[in-house]
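One structure below.
The values are calculated or read from the model by the stated rules, or taken from the named source; none is laboratory data. Remember, it's a predicted structure, so these values are computed and weren't measured experimentally. Neighbour counts are summed over all protein chains in view; Cβ atoms, including those assigned to glycine, are modelled from backbone coordinates with ideal geometry. Note: areas computed on protein heavy atoms with side chains; ligands, DNA, RNA excluded. Shrake-Rupley method; radii C 1.70, N 1.55, O 1.52, S 1.80 Å.
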Amino acid sequence: MESLVLPFSLPINPEAFNSFVPMKQFTRRLSDLRDHFSDRQAVENILVVNDPVIYEYWEMEYDAPGRGLSFGMTRILPGVIGKEYYLSRGHFHAGGDGDELYVGLKGRGLLMLYSKDGQCVTLDMLPDKMCYIPGYMAHRTINIGTEDFSFFSIWPPRIDHDYATIAQYGFPKLVVSGSIGPEIIENPAFHGD
Ligand code: MN
């Protein structure tokens, strides 16, 4: 079968991704994530002073049905807002079709997944460890370490990303900095469908 792309190789790091022309880079700051941290007062207190970068990501998305693989990389900085660790917005794959693979590159993170039937699962993400994400589960990543947490991701082309549901309802659980380290607690503001 005819293919739309030529073979290529690419180092998995920000410098290589920045200079790879088809790749798009995005930066998410605290002001972009106002609705995603549980401590709204802490968010506003920080934004009076500055607007820190929470994470950045690179992605190359194919738009060819049945051909190609989309891929990207995410780098979440270390830090907390209130007691909640820096996190990615998280999303559903609209329609629930299309699974995804994450591979840890650097640092120490968590992957939180939940489904509309009430399952909520949290997986450790470490360098050289992969996580398989079923397409029906929303997914978010959280940096629970003291250095950058980054991972590589691969997903099928033409997935529609639904960020609005998470912005409205949140995730069932929060990951906060406790007295002996990261703690996973119920999200009092969560209200599913
Ligand atoms: Mn995804």
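With the convex hull drawn over the C-alpha atoms of region 70-135, the volume per residue is 107 Å³. Note down the nm distance, to one decimal, between modelled labels 7 Å out along Cα→Cβ at Leu101 and at Ile12. Result: 0.9 nm between the two label points.
Classify region 54-93 as rounded, prolate or oblate from the Cα gyration tensor: take a ≥ b ≥ c as the square roots of its eigenvalues, call it rounded if a/c is under 1.5, otherwise prolate when a/b beats b/c and oblate if not. Cα axes put region 54-93 in the prolate bin.
Helix 40-49 axis versus longest C-alpha principal axis of the chain: approximately 80°, rounded to the nearest ten. Placing +1 on the Cβ of every Lys and Arg and -1 on the Cβ of every Asp and Glu, with no other charges, gives the chain a dipole of roughly 240 debye about its Cα centre. Once the Cα-Cα distance is subtracted from the 0.36 nm per residue extended length, the Thr27 to Gln168 segment shows a gain of 48.6 nm.
Over the chain, what relative contact order in percent results from Cα pairs under 8 Å that are six or more residues apart?
22 percent
Residue pairs exceeding 23 angstrom between C-alpha atoms, taken from Lys24/Lys129; Lys116/Lys173; Lys24/Lys116: Lys24/Lys129; Lys24/Lys116.
On the basis of the beta-carbon distance and an R0 of 30 Å, Ala189 and Thr146 show a calculated FRET efficiency of 0.65.
Volume of the convex hull of region 150-193 (Cα atoms only), normalised per residue: 118 Å³. If you sort His161, His91 by accessible surface, 1.4 Å probe, largest first, the order is His161, His91.
In plain terms, the chain from Ala42 to Ser179 could stretch by 47.4 nm, reckoned as 0.36 nm per residue minus the Cα-Cα distance.
Taken along the Cα-to-beta-carbon direction at a fixed 7 Å, the label points for Asn50 and Leu123 span 3.5 nm.
Paramagnetic label reach from Leu69 (point 7 Å along Cα→Cβ; backbone nitrogen cut-off under 18 Å): within region 142-171, residues 151-159.
The residues of region 23-109 expose on average 46 square angstrom of accessible surface per residue, using a 1.4 Å probe on protein heavy atoms. With K and R counted +1 and D and E -1, the other residues having a Cβ less than 15 Å from that of Phe71 yield a net charge of -1. Scalar couplings 3J(HN,Hα) for region 19-27, obtained by applying the Karplus form with A = 6.51, B = -1.76, C = 1.60 to θ = phi - 60°, are 9, 8, 3, x, 7, 10, 10, 10, 10 Hz; x denotes Gly and Pro.
With the Kirkwood sum run over all distinct C-alpha pairs, the chain has a hydrodynamic radius of 17.4 Å.
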